[in-house]
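Read the structure below first, then the notes.
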Amino acid sequence: MKKIKLTTKNSDETKALAGKIMKFLKPGDVVLLTGDLGAGKTTFVGGALNSLGYLDHVVSPTFNILKCYFEVKPNVFHIDAYRLEDQNHDIGLEEFIEGNGVTFIEWPVYIPELIPQNHIEISITRIDDNTRGIEIYEEKDNHKELFDSLEAK
């Protein structure tokens, strides 16, 4: 298992970290984002998208459940499963999770049966108004270059 702990001092640093991580992700990768409401999960996805040239403001797909970004390469799928607690999960999300893009999933605890075995988990903890503790880990060693790059920071 690979695990690294980092701290960002503001949302710009969180977005920059997401952009750095995005450089190592490829179609088929799944990133689970965990943390309390307001921790910065959507900010993180925004940073990943910004690093691909997406300049619009990124909002959480809480009410939509899924937002697709086909205008960037690789494609990015952003799932917010918060509203899926105690709901039928047979709504086609697996087509995106197993699809040809990078998938970010907020609140994965609500769709455990859809989470692939191979994934990266990023846990974001709010330390104060600006500072975030970020833990990045994966069970398998599928992203060695990513972890080597982060450890060199």
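Each value in this text was obtained by applying a stated rule to the coordinates, not by laboratory testing. Values in this document were obtained by computation on a predicted structure and should not be read as measured data. Note that we place each Cβ from the backbone using ideal geometry, even for glycine, and neighbour counts take in every protein chain shown.
Worth a mention:
- Residue, farthest from GLU138 (Cα to Cα), within region 19-51, restricted to residues that are touching a Phe, Trp or Tyr at 6+ places or on another chain (Cβ under 7 Å) and β-branched (Val, Ile, Thr): VAL45
- Residue in region 121-144 that is more than 12 Å from THR34 (Cα to Cα), among the aliphatic types (A, V, I, L, M), surrounded by 14 or more Cβ atoms within 10 Å (Cβ to Cβ) and in contact (Cβ under 8 Å) with a residue 40 or more places away in the chain present: no
- Test: PHE104 is assigned to a helix (DSSP H, G or I), on the phi < 0 side of the Ramachandran plot, among the hydrophobic types (A, V, I, L, M, F, W, C) and buried (at least 18 other Cβ atoms within 10 Å of the Cβ): no
Yes or no, residue by residue, for (1) closer than 26 Å to THR125 by Cα; (2) out of contact with any helix residue (DSSP H, G or I) (no Cβ under 8 Å at 6 or more places or on another chain); (3) part of a loop (DSSP other than H, G, I, E, B); (4) without any contact (Cβ under 8 Å) to a residue 60 or more places away in the chain:
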{"site": "LEU32", "(1), (2), (3), (4)": "yes, no, no, no"}
{"site": "LEU37", "(1), (2), (3), (4)": "yes, yes, yes, yes"}
{"site": "THR42", "(1), (2), (3), (4)": "yes, yes, no, no"}
{"site": "ASN50", "(1), (2), (3), (4)": "yes, no, no, yes"}
{"site": "HIS57", "(1), (2), (3), (4)": "yes, no, yes, yes"}
{"site": "PRO61", "(1), (2), (3), (4)": "yes, yes, yes, yes"}
{"site": "GLU71", "(1), (2), (3), (4)": "no, yes, yes, yes"}
{"site": "HIS78", "(1), (2), (3), (4)": "yes, no, no, yes"}
{"site": "PHE96", "(1), (2), (3), (4)": "no, yes, no, yes"}
